[in-house]
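*Asks:* Just dropping this structure here.
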Amino acid sequence: MSLHATHRDAGQVTVVDLSGRIVLGDGSALLRKTIRGLLDDQRKLILLNLADVDYIDSSGIGELVSGYTAVKNQSGDLKLLHLTKKVRDLLQITKLYTVFDVFTDESTALRSFV
Amino acid sequence: MASDTKHLEMTLETLVESVNLAEEMCLRVAEAAGFGEDDCYRIGMSVREGVINAFHYGNEERPDKKIHLAVDLTADKMIIHVLDEGAGFKLSDVPDPLAEENLLSTSGRGIFLMRAFMDEFTVVSGRTGGAEIVMSKKLPAPGSASPNGQSGKSATPRQEA
C-alpha cells in the first residue's frame, strides 16, 4: 500500500493525515515533498497524524528525522499524533520516542504548539 | 546441506522495487513455515533492511550490480542470506544509531533493526567480494502461534536502551 497524504489547517498548525507505508521509494519521497512544501508556504508548525500508517522502514524513519530537522532549522516544530503499535515500538527501540513529541489526542497536540 | 533443508534463491536487480519483491517472497516462506504475524513482520522488515543495505550501500544503486537473496528453511530455523556486489564492510565500522550524537542521523538504522528483529545476525565476506548478511529466526514450535500470529518472542521489539 503506497503512502497518501492530505493536509488541513488548524489555526497556525497544519495537520498532515498520512495513510499507508512510509518506506524506501515513493512513500519516503512523498513525506519529504509534503513537509518541504509546507515549509515553502511558511507553514512551520506541523502535526503528522500517523493513525493510518502501519509500517515504516529505516528509510521512512530517516525521512521523519530529516523532516523534523528541516522544520526545527526554520524555527518551527513537528510533532506526531496517533502512532500505531508497530510505529510506536519502532520509535521506542530507535530511541526516537525521546526526540519527537508524541500525542494520542489531536486537540491536546494542537494546544501544545501554542 | 541437510536433506530436510529447503533452499530458495533469487537474483535481484539493484532497484527499489527489489526491496518489496524480496520482502514479499520471504514473507510467503515465513507464513508457510508457520511463523505468526509478529514474527513475519520482523522477518519482512529484516529482509527489507538487508536488501536496502545491498541496494544503497553495497551496490551503491548501480544497475549493473546484482543482489543475491537466498533462504534456507531447516528443521529448526529460517536462514536468510543477502549478498551484494560491493566492497564489503565491517560491522564494527557501523555507527551506533542509539548514540546521542547519532539520534538525528537520517540513516544508519537498518543494521540495528535486523539485529533487533532476528535471533542471529552477522555479516561475512561473500563470494562476490561484497558483504553477505546472514540472519536467522528460530521456527515456532508446532501449534505455538496464537490466533493473531504471535509466536516465540514478545510482540514488542527487543529494547536495547
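The values are calculated or read from the model by the stated rules, or taken from the named source; none is laboratory data. Model, not experiment: these values are computed from the prediction. Counting neighbours? That spans all protein chains shown, and the Cβs are built from the backbone with ideal geometry, glycine included. SASA here: full protein model, heavy atoms, side chains in, ligands and nucleic acids out. Shrake-Rupley method; radii C 1.70, N 1.55, O 1.52, S 1.80 Å.
*Asks:* Report the number of Lys pairs in chain B whose alpha-carbons are under 20 Å apart, with separation of 8 or more residues or on distinct chains.
*Replies:* On the way: B:Lys6/B:Lys77; B:Lys6/B:Lys137; B:Lys6/B:Lys138; B:Lys77/B:Lys137; B:Lys77/B:Lys138; B:Lys77/B:Lys153; B:Lys137/B:Lys153; B:Lys138/B:Lys153.
Value for chain B: 8.
*Asks:* Once A and B are treated as a pair rather than alone, how much accessible area drops out, both sides summed, in Å² to 100, probe 1.4 Å? Before the final figure, lay out the partial values.
*Replies:* Numbers: alone 6070 and 8920 Å², together 12820 Å².
Buried surface at the A/B interface: approximately 2200 Å².
*Asks:* Across peptide A:53-60, how many C-beta atoms of other chains are within 10 Å of each residue C-beta, on average? Mind dumping the intermediate values first?
*Replies:* Details: counts 0, 1, 4, 1, 10, 16, 10, 0.
Mean number of neighbouring Cβ atoms from other chains: 5.
*Asks:* Scattering from the C-alpha atoms of chain B alone, worked out with Debye: what is log10 I(q)/I(0) at q = 0.12 1/Å?
*Replies:* -0.52
*Asks:* Antiparallel as a % of all DSSP beta bridges within the range A:1-79, to the nearest 5?
*Replies:* On the way: 7 of 19 bridges.
Looking only at bridges with both residues in the range A:1-79, the antiparallel portion is about 35 percent.
*Asks:* Now for a different question. For chain B, modelled as a GNM with alpha-carbon contacts under 10 angstrom, which of B:Gly143, B:Gly86, B:Gly110 fluctuates the most?
*Replies:* B:Gly143
*Asks:* Another question, if that's okay. Amide H of A:Asp52 versus every other amide H placed in the peptide plane: which residues, excluding those fewer than 5 positions away on the same chain, fall under 5 Å?
*Replies:* A:Leu18
*Asks:* Provide the descending list of Cα extents for chain A along its principal axes, expressed in whole angstroms.
*Replies:* Principal extents (largest minus smallest coordinate, Cα): 30, 25, 23 Å.
*Asks:* Still on this structure: Would you tell me the accessible area of B:Val94, worked out with a 1.4 angstrom probe on the heavy atoms of the protein chains, in Å² to the nearest 10?
*Replies:* 50 Å²
*Asks:* Quote the FRET efficiency, to the nearest 0.05, computed for B:Leu103 versus A:Asp9 with a Förster distance R0 of 41 Å and r equal to the Cβ-Cβ distance. Write out the running numbers ahead of the final one.
*Replies:* Values: r = 30 Å, r/R0 = 0.74.
That gives a FRET efficiency of 0.85.
*Asks:* To check my understanding: the extent here is largest minus smallest coordinate of the Cα atoms along each principal axis. What are those three numbers for the range B:57-117, in Å, largest first?
*Replies:* Each principal axis gives a Cα extent; for the range B:57-117 these are 41, 35, 18 Å.
*Asks:* Identify, among B:Leu15, B:Phe121, B:Gly34, the residue whose Cα sits farthest towards the positive end of the charge dipole of chain B, taking +1 on the Cβ of Lys and Arg and -1 on the Cβ of Asp and Glu, with the dipole about the Cα centre.
*Replies:* B:Gly34
*Asks:* Please identify, among B:Leu15, B:Leu69, B:Leu83, the residue showing maximal mean-square fluctuation in a Gaussian network model of chain B using a 10 angstrom Cα cutoff.
*Replies:* B:Leu15
*Asks:* Now for a different question. Add -39500 (n - 2.57) for each DSSP H run of 4 or more in chain A, then divide by its residues: what number comes out at 222 nm, to the nearest 500 deg cm²/dmol? Mind dumping the intermediate values first?
*Replies:* Details: 4 runs with 47 residues, N = 114.
Theoretical 222 nm ellipticity from helices: -12500 deg cm²/dmol.
*Asks:* I would also like to ask the following. According to the square roots a ≥ b ≥ c of the eigenvalues of the Cα gyration tensor, what is the shape class of the range B:1-58, taking rounded for a/c under 1.5, prolate for a/b larger than b/c otherwise, and oblate for the remainder?
*Replies:* Values: a/c = 2.30, a/b = 1.39, b/c = 1.65.
Oblate is the answer for the range B:1-58, as a/c is 1.5 or above yet b/c matches or exceeds a/b.
*Asks:* Another question, if that's okay. Under a 1.4 Å probe, what is the accessible area of the range B:32-71 per residue, stated in Å²? Write down the numbers at each step before the final one.
*Replies:* Values: 1280 Å² over 40 residues.
On a per-residue basis, the range B:32-71 sits at 32 Å².
*Asks:* OK, next. GNM on chain B, C-alpha springs below 10 Å: top fluctuator among B:Ala32, B:Ala116, B:Ala99?
*Replies:* Among B:Ala32, B:Ala116, B:Ala99, the largest GNM mean-square fluctuation belongs to B:Ala99.
*Asks:* Can you compute the charge dipole magnitude of the range A:1-77 about its Cα centre, using +1 on each Lys and Arg Cβ and -1 on each Asp and Glu Cβ, nothing else charged? Give it in debye, rounded to the nearest 20.
*Replies:* Values: 8 positive and 10 negative charges, 46 e Å.
Roughly 220 debye for the range A:1-77.
*Asks:* Debye calculation, C-alpha points only, no solvent: report log10 I(q)/I(0) for the protein assembly as shown at q = 0.15 Å⁻¹, in the same order as the q values.
*Replies:* One equal scatterer on each Cα of the protein assembly as shown leads to -1.12.
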